[in-house]
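Before any comments, here is the structure.
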Amino acid sequence: MTTLVIAEHDNTSLKPATLNAVAAAQAIGGDIDILVAGADCGAAAEAAAAVPGIGKVLAADNAAYANQLAENVSLLIADVASAYDNVVAPATTSGKNIMPRVAALMDVAQISDIISVDSPDTFKRPIYAGNVIATVQSSDAKKVITVRTTAFDAVAETGGTAAVEAVDAVHDAGLSSFISEEVAESDRPELTAASVVISGGRGMQNGDNFQLLEGIADKLGAAIGASRAAVDAGFVPNDYQVGQTGKIVAPDLYVAVGISGAIQHLAGMKDSKVIVAINKDEDAPIFQVADYGLVADLFTALPELEAAL
Amino acid sequence: MKALVAVKRVVDYNVKVRAKADGSDVELNNVKMAINPFCEIAVEEAVRLKEAGTVSEVVVVSVGEKSCQEQIRTALALGADRGIHVEVEGRPEPLEVAKLLKGVVDKEQPQLVILGKQSIDGDNNQTGQMLGALAGMGQGTFASEIKVDGDSLQVTREVDGGLQTLKLNLPAIVTTDLRLNEPRYASLPNIMKAKKKPLDVTSPADLGVEMSSHITQLGVAPPPERSAGIKVEDVAQLVDKLKNEAKVIS
């Protein structure tokens, strides 16, 4: 059995999500290769070659694959995947964007967001905002799978010496082009990879008050997140959102501040090891999943917490 | 320009769904059903484009059992012009839904197809992208802003790093994210009017699609339960617990 893992990268380095996807591929078993599709992505391909246990790295380096346009990259993956039994990608916004196109081109189902591998054709995945875990079996000869990264411990980043092989196929569907992106620059760890996350909700009242979280985040080396309510209200940008349809996080410590705890938010953070909730409403549902709850006004509690750390 | 919007009937987002005791499936008896929230945003966007004069007709389609006509009527009450019900039994998989929608796209020839980015029951996040591949159209998934510009479409997408803007040739697929718009409430007169709007029923055979299944659900189970922990008295006690009991900070 052979599995092709689709690398998530920025052309110069691998994103950690790739290492979680490789871990899921290892759980499925068999030989694993990595596909790095991008433009001037040689450095990312070299990084992929250093991941231990990889057979080879396929590098498709062409302007058509810059910015990971789904129309082009899906054609490439479907082409390369004809030689593999499984195609596995992390369930990031990029993986979610591209992989269903790949599955449709291959005329197979996609198994989205798996959290465990029971056997090479049977997987567990959350449905209904994680209120239910389904066990599903695929009857497709070739499987297209996306992986919930928090459910698989990342493999080591270095130690391997796989060969890098160029893929010359150029697939340009000519349907789409990249115009621009607004990417938040931050010195903080990435939300989905941070070991501590502190999130604010509607109770923060406005965007300026998120500064109260920043001092604490600095001391804890934490990433900052938010509930949907806080993003919808415009307090913080969309990439802060933790929840069913936002980012899924599972840090060692998750601190929810001024977040009531709607099921859609819980779906994104309830696998955190330790959960702290700070909320002035003692009946807030967030306390039902919190290991440590503090019923307090966040505007008093947050400065106290920052001072105590 | 014609817009096609796909909508799905799902369990209402306020319902906490549970697994049946025997683990065979989720408990869906006597559960409130509704239009999938992302699909509602899709309908709203199409209706706004019509109000702005960009779109001339909004056609809404749903794939499912007869009961999904309720959700088509909801979309008609929000301002869609006519409905198409693709009647199928059971729960078709995203690939089959995409094939059926491709059949509808071939017949209707819309310039713009808007879908929700995912349904809140299966949480698959697949159908729009699959339809894009089958119909040979470009896609703007997880859209927070769209702008029709002549024969192309500019889409701003919510991605992990922030926002990305793409240009797509029309016809194109858009899948909605939460910030695209805030759907209106249907007024009573519009709900009454919606009952008289045309709603055609079609079948997979009419669309030339043979239904098949690729995935078998072997069972469902509740996730590991998290039990509530303790309430701490003050910040000092919280920090002490995190340091000495949970050992997650130093």
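Computed values, structure above
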quantity	calculated
Cα-based Rg of region A:65-167 normalised by 2.2 N^0.38 Å, two decimals	1.13
Alpha-carbon centroids, region A:54-120 and region B:51-128: separation in whole Å	26
Neighbouring partner chain Cβ atoms per residue of B:72-83, average, 10 Å criterion	0
Equivalent-ellipsoid semi-axes of the protein assembly as shown, from the Cα gyration tensor, Å, largest first	35, 30, 23
Under 5 Å, built H, 5+ apart or other chain: amide partners of residue B:124	B:119
Cα convex hull of region B:110-230 - mean projected area over all directions, nm²	13.7
Mean separation of Cα contacts under 8 Å, 6 or more apart, over the residue count of region A:30-150: relative contact order %	22
Antiparallel DSSP beta bridges within the protein assembly as shown, percent to nearest 5	35
Separation of alpha-carbon centers, region B:220-245 and region B:1-36, rounded to whole Å	32
Reciprocal of mean inverse Cα separation for chain B (Kirkwood radius, Å)	19.9
Local electrostatic count at residue A:265 - Lys and Arg +1, Asp and Glu -1, tallied over other residues with Cβ under 14 Å	+4
P(r) of region B:41-155 over all Cα-Cα pairs, binned every 5 Å from zero, in whole percent	2, 11, 21, 25, 24, 12, 4, 1, 0
Among A:207-218, B:215-226, the order from most to least packed when residues are scored by Cβ within 10 Å on average	A:207-218, B:215-226
Debye-sum result for region A:228-307 in log10 I(q)/I(0), which assumes one identical scatterer on each alpha carbon, at q = 0.16 Å⁻¹	-0.58
Residue-by-residue Karplus 3J(HN,Hα) for region A:134-141, coefficients 6.51, -1.76, 1.60, Hz, glycine and proline x	9, 9, 10, 10, 9, 9, 6, 5
Peptide-level mean, for B:40-50, of C-beta atoms on other protein chains within 10 Å	0
Per residue Cα convex hull volume in Å³ - calculated over chain A	131
Sorted largest first, extent of region B:1-63 alpha carbons per principal axis (Å)	52, 21, 14
Charge sum, other residues only, whose C-beta stays under 12 Å from residue A:178's C-beta, Lys/Arg counted +1 and Asp/Glu -1	0
Cα extents of region B:181-231 along the three principal axes, largest first (Å)	56, 39, 20
Area of residue A:113 that stays accessible when all protein chains are in place (1.4 Å probe, Å², to 10)	20
Neighbour net charge for residue A:133 - beta-carbon separation under 9 angstrom, K R +1, D E -1	+2
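The values are calculated or read from the model by the stated rules, or taken from the named source; none is laboratory data. All of these numbers come straight from a predicted model, not from anything done at the bench. Ideal geometry is used to build each Cβ from the backbone, glycine not excepted, and the neighbour counts take in all protein chains shown. Just so you know, the surface numbers come from the protein's heavy atoms only, side chains and all, with ligands and any DNA or RNA stripped out. Shrake-Rupley method; radii C 1.70, N 1.55, O 1.52, S 1.80 Å.
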